[in-house]
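K.L.:
Sharing a structure, written as structure tokens. Questions coming.
The values are calculated or read from the model by the stated rules, or taken from the named source; none is laboratory data. Being a predicted model, the structure only gives us computed values, none of them experimental. Cβ sites come from the backbone with ideal geometry, for glycine too, and all protein chains shown count toward neighbours. Only protein heavy atoms, including side chains, enter the accessible area calculation; ligands, DNA and RNA are left aside. Shrake-Rupley method; radii C 1.70, N 1.55, O 1.52, S 1.80 Å.
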Amino acid sequence: MQSLPRPNPTAIAEAITSLLQACALDLDHKDLARTPQRVASTWVEEFLSGFAMDPAEILGDPVLGEGTTQLVVVRDLPYHGLCPHHLLPYTGRATIAYLPSDKLAGFGRLGDLLACFTRRLPLQERAGNDIVDALMTHLEAQGAGCVMHGQHTCLSIPGNKHGTSVTTSSFRGLLLERPELQATLM
């Protein structure tokens, strides 16, 4: 497994200080007091925390399904992330599903898996791909799917396109091969 980045809060705060100075802002102003530290804390805890999460650990210790072959679907899982192109936030809701072989993950673990991959500066499409790949690998699922509906600041601010949403989907295994299973997610 490749080594994942370890965010440095001190360096992030210093970079934010430089950014604010480059914007010719008065860092002694009461509204900007501790802004670099607050931004660094938010980035480490909310936007980069996925780097500290391991999908194998999240999906580890599954429950044995004892012949369960029905589709498992969890809907409306909230997520947020940062666009890697503009470093602007996006938010949304995801539906994650898998067709188990004999391993089942707790429903909450699917939300943790979503956080793991959306809090790594990913494109929304890549996060969905990573989620289904993890389900296929770590649960040995017969199929997996992820549909994400997001609102991206980098899309809504330029040109005043507020309210625009982006839907992405990713399917593997039997969910890729069977449109009726995909339809349950869409």
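K.L.:
Give a residue-ordered list of calculated ³J(HN,Hα) values for the range 178-183 (Karplus: 6.51 cos²θ - 1.76 cosθ + 1.60, θ = phi - 60°; whole Hz; x for Gly, Pro).
P.N.:
10, x, 5, 6, 4, 4
K.L.:
Kindly report, to the nearest 10 Å², the accessible surface of Asp76 as traced by a 1.4 Å probe over protein heavy atoms only.
P.N.:
Counting only protein heavy atoms, the figure is 100 Å².
K.L.:
Are there any helices in the chain, counted as whole DSSP H runs, that stretch 24 Å or more along their axis by Cα and score at least -0.5 on average by Kyte-Doolittle, and if so which? Present the calculation step by step, with values, prior to reporting the outcome.
P.N.:
Working: long enough: none.
Flagged H segments: there are none.
K.L.:
Find the eigenvalues of the gyration tensor of the Cα atoms of the range 10-96, then list the square roots of 5 times those eigenvalues as equivalent ellipsoid semi-axes, largest first, in whole angstrom.
P.N.:
40, 14, 10
K.L.:
Now, a different point. Which GluC sites (Glu not before Pro) in the range 38-146 sit in a loop by DSSP (not H, G, I, E or B) and have at most 15 other Cβ atoms within 10 Å of their own Cβ?
P.N.:
Glu66, Glu140
K.L.:
A follow-up question, please. How much of the accessible area of the chain, in percent, comes from carbon and sulfur atoms when a 1.4 Å probe is used? Kindly include the intermediate steps, with their values, before the conclusion.
P.N.:
Details: 5480 of 10160 Å².
The value for the chain is 54 percent carbon and sulfur by accessible area.
K.L.:
Classify the range 110-186 from the C-alpha gyration tensor, please: rounded if a/c falls under 1.5, else prolate or oblate depending on whether a/b exceeds b/c.
P.N.:
oblate
K.L.:
Let me ask something else about it. Under a point spin-label approximation (7 Å from Cα along Cα-to-Cβ), what is the Asp61-Cys23 distance to one decimal in nm?
P.N.:
Calculated label separation equals 4.3 nm.
K.L.:
Okay, moving on. Okay, helix-only estimate at 222 nm for the chain: each DSSP H run of n ≥ 4 adds -39500 (n - 2.57), divide by all residues, round to 500 deg cm²/dmol; what do you get?
P.N.:
Only helices count here, giving -10000 deg cm²/dmol.
K.L.:
Among (i) 1.12; (ii) 1.19; (iii) 1.23, which one is Cα Rg over 2.2 N^0.38 Å computed from these coordinates?
P.N.:
Computing Cα Rg over 2.2 N^0.38 Å and matching it to (i) 1.12; (ii) 1.19; (iii) 1.23 gives (ii).
K.L.:
A further question on this structure: So which trypsin sites (Lys or Arg not before Pro) in the range 91-176 are both in a DSSP loop and have at most 12 other Cβ atoms within 10 Å of their Cβ?
P.N.:
Here the sparse-neighbourhood loop sites are Lys161.
K.L.:
Find how many whole Å separate the alpha carbon centroid of the range 1-75 from the alpha carbon centroid of the range 153-168.
P.N.:
Comparing the Cα centres of the range 153-168 and the range 1-75, I get a distance of 23 Å.
K.L.:
Would you calculate the separation in nanometres between label points at Thr167 and Asp133, each defined as 7 Å from the Cα along the Cα-to-beta-carbon direction?
P.N.:
Inter-label distance under the simple model: 2.5 nm.
K.L.:
Further, regarding this structure: Would you mind getting the accessible area per residue of the chain, heavy atoms of the protein chains only, 1.4 Å probe, in Å²?
P.N.:
About 55 Å² of surface per residue is accessible.
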